[in-house]
Every structure is written in structure tokens, then in C-alpha cells.
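Take a look at the structure set out below.
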Amino acid sequence: MPQALPDWPLFGLADDVRPALAAAKAADAPAALATLTVVEGGGPRPPGTQMVFAEGIVAGYFSGGCIEADVAAHAEACLGDHAPRTLVYGEGSPWPDIRLLCGARIEIFVERVAADDPALAALLGLTERREPAIWVSDGRRRACTPPAAVRLWPGTVSRRYEPALRLVVVGGDPAALAIAMLGAQSGFETTLVRPKGPQTAPLPGVAYRRDEPSEALAAIGLDPWTAVAVASHDIELDEAALVSALPSQAAYVGLLGARARLPERLARLRSAGVTAEALARLHAPIGLDIGGKAPWEVAVSVIGEIMAQRYARDSASTSTRSPAAAAGAPA
């Protein structure tokens, strides 16, 4: 049965519940999967937000403390009787004593997922292969397929999963280390690339590669859910990384460096065969223009810019695209 919620809600820092589902499966334990399906009147989390409850496992959050304990109790009941249920909080709720301070009305669908459920195996398989997936369930029958193969039936709840976000940082100075560390803490699967660097890197939760950028980036695989931050302070190393990253499918490619040197660096990339279209994708100088240049300030600006692009918001940053967008013009 689920554990009582701890005093400090560190479980809420996990936005992607798939690792928790994988942990429950590995322990051969059923999990209660709770999915936020309706949000009316605003709220701290959007539809599709999830929590997982299993023996010794809690992940995700819905309200920041207003309802989590009650959802955990219903999840425990769901694990016991195998019956799905829809929980309503706010207007129309059968629990008027449980209030959402934001004034929203939300609905949460809770279902029991067995460790050997084929849909769970399919979800984790698609996750490992870095393919999008659609989870469809009525609480008793469920399926998980690539989006093109999805089939709905009456009474179902569906949820789309994208591949886990990744960050590749090229470099080894304090700014590069700060970007990598903050990326890992922000939920990115992060890899630091420092060719011929020390044998190990002192960064918890960060993978480390010592090969050349072209080899490292090819081995990692740059897909639409991967961001690349080039921050080596070595012109030739930066150039090698950008020549590989800019023509790729990477969602974001940024370059750390002085704005005054940018025309020269763009000219070198054009000479190396990088097209104007690819150069226009470059974020340089890297990060949101927040005014700070200390390592953690640079890291905040870089992770902020990546997230702003992810959510398709206008960052209003003078550093985003504007200099590189003119890459097709003569240097």
C-alpha cells in the first residue's frame, strides 16, 4: 500500500511519473495512476498532470498541498478494490471541507495499473526508444500506442507522453558545469561533453563523455526533445560541436560567447558548410538577457531560454535568434 506522504513534498519535484511507474513494475508492485483530466477556473497544474502511488513510491503533485493527502487515500483504496474512480475537488465536490485555495474546480481520474499490464510495458518500451506515446484507459481496460495508432473507445481518458527532455552541455569551465548541474536538477537527462577531460566528472546525476563533439553528439542522438548548450570557450571545439548540432533535429542549440565575436564565429560556420537555415536556429549569445554573467546566473538564463522555447513563449530576449538570424548576410 502507498506510504504516508512525507512532511517535505520532494515527490512533487518529479514531473514525469514514468520513472515511478518503472520502479513499481521492477518491484512487481501495482501502482495507482492519478491523472488530472479537468481544470476549471485556473489551477497550479494543467490537465494531463499525473501522480503515482505504490508501495514505497510517491511521485508528482496536483495542488502543492491542498489535496495530495486525500488523493493518496483514494489511491490506496483503488489499489485495494481495483475499482477506478473520478475525484472532484472544488465546486460540486462531495468533500466541501477540502478546498483549493486557487478557487479552481478539478477532476482527477485514478486507476490501478498492474505490474504486468501490457499497456505499461508498451509505455516503458516507447519511452526507452524515445518515441511519443498515447495512454488510453477507462480504468479497467487500457492501451498505449504511438500517436498514429491510437484508438479511443467510450469512457476513456487519454494522455500523451513525449520523450524525456535531454540536455547536452559541451565544455568544462564553471559556466558549463553550472548549466549541466541546473539542467539535471530541472529534470533534463543531462550529459556533459569535455573532450580529453579528466577521467570522471564531479556532477551527480550528469552523464559524462570525453570524446570529440561530433562523436559524442552522434552517439547521444540529437532529436526534437534534446537541447545543446555549447560553452567550451575553445573556438575550434565550439565550431566542431555546432557543425554537428545545428543541422540536427535538436530543439535548441545555443552558443556561449561575446556578442562582439559573433560575426566572426558565424563566418567560420558558413565556411564550414553550415547553411543559413541552420545558422538561423542558433541562440547566440546563449540564454535570456538577465544581465548576470556569474556561472549560476548564466545557467539560469540558459535553462530559462530552453524552457521558454519549449512552451513557445516569447522570451523577449535580445539574445534569442536575433544575431544569428542574419547569418545569411555577408559577415
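Couple of notes before you dig in:
- Average accessible area per residue (Å²) across the stretch 183-273 - probe 1.4 Å, nucleic acids and ligands excluded: 47 Å²
- Probing with 1.4 Å while keeping every protein chain in the model, the per residue accessible area of the stretch 1-45 equals 54 Å².
- Ordering Ala216, Tyr252, Ala267 by Cα displacement along the dipole of the chain toward the positive end leaves Ala267 in first place; charges were set at the Cβ atoms of Lys, Arg (+1) and Asp, Glu (-1).
- When the residues Glu55, Glu297 are ordered by accessible surface, computed with a 1.4 Å probe over the protein chains alone, the sequence from largest down reads Glu55, Glu297.
- Calculated P(r) tail over 33 Å for the chain, as whole % of Cα pairs: 37 percent
- Local electrostatic count at Val300 - Lys and Arg +1, Asp and Glu -1, tallied over other residues with Cβ under 15 Å: -2
- Accessible surface of the chain [probe 1.4 Å, protein heavy atoms]: carbon and sulfur percent: 55 percent
- Rounded to the nearest 20, the Cβ-based charge dipole of the stretch 135-254 about its Cα centre (Lys and Arg +1, Asp and Glu -1) stands at 960 debye.
- Other residues lying with their Cβ under 14 Å from the Cβ of Ala143 contribute a combined charge of +3, Lys and Arg counting +1, Asp and Glu -1.
- Positive dipole terminus of the chain, leading residue within Gln50, Trp95, Pro9 (C-beta point charges): Gln50
- FRET efficiency, Ala121 to Lys196 (Cβ-Cβ, R0 41 Å, nearest 0.05): 0.50
- Residues in the stretch 131-175 average 46 Å² of solvent-accessible surface per residue, probe 1.4 Å, ligands and nucleic acids excluded.
- Dipole in debye (nearest 20) - the chain, about Cα centre, beta carbon charges: Lys, Arg +1; Asp, Glu -1: 720 debye
- Each label was represented as a point 7 Å from its Cα along the Cα-to-Cβ direction; for Ala219 and Ala77 these points are 5.2 nm apart.
- Three-way shape label, the stretch 1-135, alpha-carbon gyration tensor, a/c 1.5: prolate
- Kyte-Doolittle mean at least 0.5 and Cα axial length at least 24 Å: DSSP H helices in the chain: none
The values are calculated or read from the model by the stated rules, or taken from the named source; none is laboratory data. None of these values were measured; they are calculated from a predicted model. FYI the Cβ positions are ideal-geometry reconstructions off the backbone, even for glycines, and counts take in every protein chain you see. Areas reflect the complete protein model, heavy atoms only, side chains present, ligands, DNA and RNA absent. Shrake-Rupley method; radii C 1.70, N 1.55, O 1.52, S 1.80 Å.
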